[in-house]
Structures are given as C-alpha cells and as structure tokens.
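This report refers to the structure that appears directly beneath it.
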Amino acid sequence: MKLPNEKMLSLLIIFIVCVLGIIISFLSIALAIDVIIWLLTGSFDLTKLDILKTIKIGCIIGSFTGFVFVIARLLRLKGF
C-alpha cells in the first residue's frame with residue numbers, strides 16, 4: 001500500500017511529464033515544419049515569438065492532458 005505522499009508525488013510526476021512531453025513534441029513539429037520551409041524557400045524565419053507561442057499552446061494542451069490522466073488515475077480507471 002502506498003503512502004498518501006507517494007501517491008501525490010506519482011500523480012505530480014505524471015502531470016509534469018505530460019506537460020513537458022506535449023511541449024517537446026509541439027516544438028519538434030514547429031522546428032520540422034520550419035526546416036522543410038527553409039529547404040523549399042531558402043529562408044529560415046523561426047522567431048522567438050513563434051517559439052513562445054508554441055510553448056504556450058503546448059502548456060495549455062499538456063496541462064489538460066495531464067489533468068485527464070491524473071483524474072483517471074484517481075478514479076482508478078482501467079488502462080491508466
């Protein structure tokens with residue numbers, strides 16, 4: 001049987017990993033698209049503003065995903 005602190009720590013780790021995973025995947029997609037555009041047109045224009053916007057979107061979607069995973073684990077749904 002897990003202690004309550006261990007359970008909360010594992011849920012926090014799941015949430016953080018979900019958020020970071022979504023952010024990294026969104027940044028990878030943005031970089032891949034910009035590299036393809038760079039190869040086609042010859043101009044690489046990945047700005048700091050684009051990166052920050054991608055991180056914001058990743059945070060929002062990642063926190064939603066992490067929240068769903070944590071709730072599913074708390075409700076002991078199968079597969080989570």
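The values are calculated or read from the model by the stated rules, or taken from the named source; none is laboratory data. Every value quoted in this text rests on a predicted model; they were computed, and no experiment measured them. In this analysis, Cβ positions are derived from the backbone assuming ideal geometry, glycine residues included, and neighbour counts consider all displayed protein chains. We work out accessible area using only protein heavy atoms, side chains counted, and drop any ligands, DNA or RNA first. Shrake-Rupley method; radii C 1.70, N 1.55, O 1.52, S 1.80 Å.
Scanning the stretch 45-80 for residues that are of a type in the set (A, V, I, L, M, F, W, C), open to solvent by less than 100 Å² (accessible area, probe 1.4 Å) and either in a loop (DSSP other than H, G, I, E, B) or in contact with a Cys (Cβ under 7 Å, 6 or more places away or on another chain) (or both) yields a count of 4. When the stretch 33-44 is limited to residues that are over 30 Å from Ile14 (Cα atoms) and outside any loop (DSSP other than H, G, I, E, B), the one that is least open to solvent (accessible area, probe 1.4 Å) turns out to be Asp34. All of (1) out of contact with any Phe, Trp or Tyr (no Cβ under 9 Å at 6 or more places or on another chain); (2) part of a helix (DSSP H, G or I) hold for Ile14 with one exception: (1). The listed residues are Ser25, Ser10, and the only one of them that is of a type in the set (S, T, N, Q), closer than 30 Å to Val70 by Cβ and at pLDDT 95 or above turns out to be Ser25. Mind telling me which of the residues Gly21, Gly62, Gly42 ends up being on the phi > 0 side of the Ramachandran plot and either of a type in the set (D, E, K, R) or out of contact with any Pro (no Cβ under 6 Å at 6 or more places or on another chain) (or both)? Criteria check complete, one pass: Gly42.
Taken over the stretch 53-80, the residue count meeting the criterion of being of a type in the set (Lys, Arg) and within 17 Å of Met8 (Cβ to Cβ) is 2.
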